[in-house]
Each structure stands twice: as structure tokens, then as C-alpha cells.
1. What angle do you read, to the nearest 10 degrees and between 0 and 90, between the alpha-carbon axis of helix 3-28 and the longest principal axis of the chain?
2. If you average the alpha carbon positions of the range 57-89 and of the range 4-18, how far apart do those two centres end up, in angstrom?
3. Quick one: give the max-minus-min coordinate of the C-alpha atoms of the chain along each principal axis, largest first, in Å.
4. Sort the following peptides by mean Cβ neighbour count (other Cβ atoms within 10 Å, averaged over residues), highest first: 15-21, 99-105.
5. For the chain, what does the relative contact order come out to in percent, with C-alpha contacts under 8 Å and a separation of six or more?
6. Extending each Cα 7 Å along its Cβ direction at residue 48 and residue 25, get the distance between those two points in nm, one decimal.
7. Mind sorting 111, 50 by how few other Cβ atoms lie within 10 Å of their own Cβ, fewest first?
8. Counting other beta carbons within 10 Å of each residue's own, what order do 40, 78, 3 fall into, fewest first?
């Protein structure tokens, strides 16, 4: 029996498990706050202003148009009155509001090309 080989194998197993647990802790950690750049299909949205306590648009009451994943968390998305969450870029609103998962919401506007 080669004790050096057993020791190296045991050390490799411990390092492998430790790296796996660290990676899982990063993946499953809760990500609060809103991103500085939001990608929705082929459109890119940039934040507008500061985070607010509730969603609102100047045009009227926002409508929930769907949700998105950030990390492993589902976030709600609102659009202006009359908008809908469409898979077609031409049908998507230029302005949206995203739930920041920390009790606030952030307004976003589509980035100009």
C-alpha cells in the first residue's frame, strides 16, 4: 500500500469538494439590488434615476408584463399601461420597471443603438 498515493488522493478529494461547495454557495446566494445593465432578448436596458419604493409611470399605473431570472431569483417586470411582455423585440416597451428583490424597484429604458 502506497501511503503517499492515498494521501494525495484524499487531498485531491477534499480540495474538489471544497471548490464545489464554494461554487454552490456563490450560485445559491441571494442577489439583492438591481443590475446596472439589463438584457432582455436582443434589447439592452439601462437604469433611469434611483430605485423607488413602488412602480409608477408618468403615463399611469404600470402593468405586470412578466418576470425574469437574475441568478436563481425570479424578479417581476412592469411596463407602461397597455404594454405586454412579448417575445418580439418590436412589441416590447422601451421603458420597464424591475423588482430589485430588496423592497425597491428600478426603472429602465432601452439603450439607444
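Computed from the coordinates by the stated procedures, all read-outs in this text should not be read as laboratory data. In this text, all values refer to a predicted model and were calculated from it rather than measured experimentally. In this analysis, Cβ positions are derived from the backbone assuming ideal geometry, glycine residues included, and neighbour counts consider all displayed protein chains.
1. Its long axis makes an angle of about 10 degrees.
2. 49
3. 77, 29, 22
4. Details: 15-21: 10.0, 99-105: 16.9.
So the peptides 15-21, 99-105, ranked by packing, come out 99-105, 15-21.
5. Details: 170 pairs, mean separation 30.7, N = 113.
Worked out over the chain, it gives 27 percent.
6. The two pseudo-label positions are separated by 4.0 nm.
7. Details: 111 13, 50 8.
Ascending number of Cβ neighbours within 10 Å: 50, 111.
8. Values: 40 17, 78 24, 3 7.
Lowest to highest Cβ neighbour count: 3, 40, 78.
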